[in-house]
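The values are calculated or read from the model by the stated rules, or taken from the named source; none is laboratory data. Remember, predicted model here, so these are calculated numbers, not experimental data. Cβ coordinates were reconstructed from backbone atoms using ideal geometry, including for glycine residues, and neighbour counts include every protein chain displayed.
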Amino acid sequence: MLLRAFAVALVAMCPLLASQTAPQPVQPAAPQVGQPAPDFTLNDSAGAPVKLSAYKGKVVLLDFWATWCTGCKVEIPWYVEFQDKYRKDGLAAIGVSMDDDGWKSVKPFLEEHKLNYSVVIANQDLTTRYGGLPSLPMTLLIDRDGKIAESHAGMVDKDAFENKIKTLLHESTAK
C-alpha cells in the first residue's frame with residue numbers, strides 16, 4: 001500500500017519535475033544584412049581548408065544546402081552557371097552541406113553533379129553562428145568587405161538573384 005501511494009505521488013509530481021528542467025539555450029539570431037558574415041574554416045571533399053575570410057575582396061555566394069533538399073537541387077545548377085559566368089568578375093561560390101551524414105551523402109552527389117566550386121560540411125558551431133539555419137536552401141551574398149549583402153531563405157528567383165549578383169559585383173568594383 002505504501003509503495004502504491006509513493007508511485008501515485010511520483011506520477012503526480014512528474015509535470016512539476018518536468019517544469020524544473022534546465023532551460024534550453026536560446027539559438028542566436030542569424031546574422032543580418034550589413035553585418036559581417038561569421039568566419040569559418042572547414043575542409044572540402046579533398047581535405048583542403050576553405051576559410052571564408054580568405055575570400056575577402058570577392059563577392060561570395062554562400063549556399064547552405066542538403067542532398068535531400070529539392071529546392072537546393074534546383075538551385076545548384078544555377079550557382080554552377082553563375083560561378084562560370086562571373087568568376088572572372090570576382091564571384092566565388094561556396095556550398096555548405098547540411099547533410100547529417102556528411103561526406104557519405106555528399107561525395108556521391110558531387111561525383112554525379114560536378115560542382116565547380118568548393119563544398120564543405122557544416123558543423124554545429126557554424127550552424128549556431130548562422131542562426132541555426134531552420135530551413136533550406138539558405139543563400140547569402142557576401143560583399144567584398146565580408147559583410148552580408150543579401151540573405152534569402154528558400155529557393156531564389158534565378159533571374160532576380162543573378163541581377164543582385166551583377167549589381168553587387170558592379171558596386172563592389174565601383175568603390
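Summary table
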item: Flag if SER151 is over 18 Å from the mean Cα position of the chain (by Cα), modelled with pLDDT under 95, surrounded by 12 or more Cβ atoms within 10 Å (Cβ to Cβ) and among the small types (Gly, Ala, Ser); result: no
item: Filtered residue count, the range 86-120, keeping only those that are among the polar types (S, T, N, Q), touching a helix residue (DSSP H, G or I) at 6+ places or on another chain (Cβ under 8 Å) and not in a loop (DSSP other than H, G, I, E, B); result: 1
item: Selection from the range 44-59 of residues that are in a loop (DSSP other than H, G, I, E, B), closer than 20 Å to GLU171 by Cβ and not basic (Lys, Arg); result: GLY57
item: Leading residue by the ranking (farthest from TYR55 (Cα to Cα)) among those in the range 121-133 that are in a loop (DSSP other than H, G, I, E, B) and modelled with pLDDT of 90 or more; result: ASN123
item: Breaking point among (1) within 17 Å of PHE82 (Cβ to Cβ); (2) out of contact with any strand residue (DSSP E or B) (no Cβ under 8 Å at 6 or more places or on another chain); (3) basic (Lys, Arg), for LYS104; result: (1)
item: Any hit, the range 139-153, residues being more than 23 Å from LEU91 (Cα to Cα) and touching a residue at least 40 places away in the same chain (Cβ under 8 Å); result: no
item: Flag if ASP100 is charged (D, E, K, R) and modelled with pLDDT of 95 or more; result: no
item: Qualifying residue in the range 134-157 (condition: among the basic types (Lys, Arg) and assigned to a helix (DSSP H, G or I)); result: no
item: Subset of the range 18-43 (residues that are modelled with pLDDT under 95 and assigned to a strand (DSSP E or B)); result: PRO36
item: Residue check, TRP103 surrounded by fewer than 21 Cβ atoms within 10 Å (Cβ to Cβ), farther than 29 Å from LYS166 by Cβ and of a type in the set (A, V, I, L, M, F, W, C); result: yes
